[in-house]
1. Given H placed on each backbone N at 1.01 Å, which residues far from Glu51 in sequence or on other chains put an amide H within less than 5 Å of it?
2. Calculate, in nm to one decimal, what Gln52 and Tyr17 gain on full extension: separation in residues at 0.36 nm each, minus their alpha carbon distance.
3. Among 47-60, 12-25, what's the highest-first ranking by average C-beta atoms within 10 angstrom per residue?
Amino acid sequence: MGKENKRYVVQVEMYVYAENDYMARKRANSIKNAIDQKDYADYVKVTEIGEQAFATPNYRKLDDPSFTPKEKADKPLPF
């Protein structure tokens, strides 16, 4: 990325369907890693994850959006 390029902040929001908080973090981190493998390494950060059922205003923000593989799932993982 040369000096002729200007830097812009882009916030991305998407829906991730998961069985529990652990899997939501894992899937969000997998998407982040897929983007990082392109030319944008270390420029992508997951800033917030929350749970919101379809067609409801209720929203529950997860305290920590980061994923750590040592974290325990609510139930055994399917793999």
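Laboratory data are not the source of any read-out in this text; all were calculated from the coordinates shown. Please read all numbers here as calculations on a predicted model, not as lab measurements. Cβ sites come from the backbone with ideal geometry, for glycine too, and all protein chains shown count toward neighbours.
1. Sorted by chain and number, the residues that satisfy this are Arg60, Lys61, Leu62.
2. 11.6 nm
3. 12-25, 47-60
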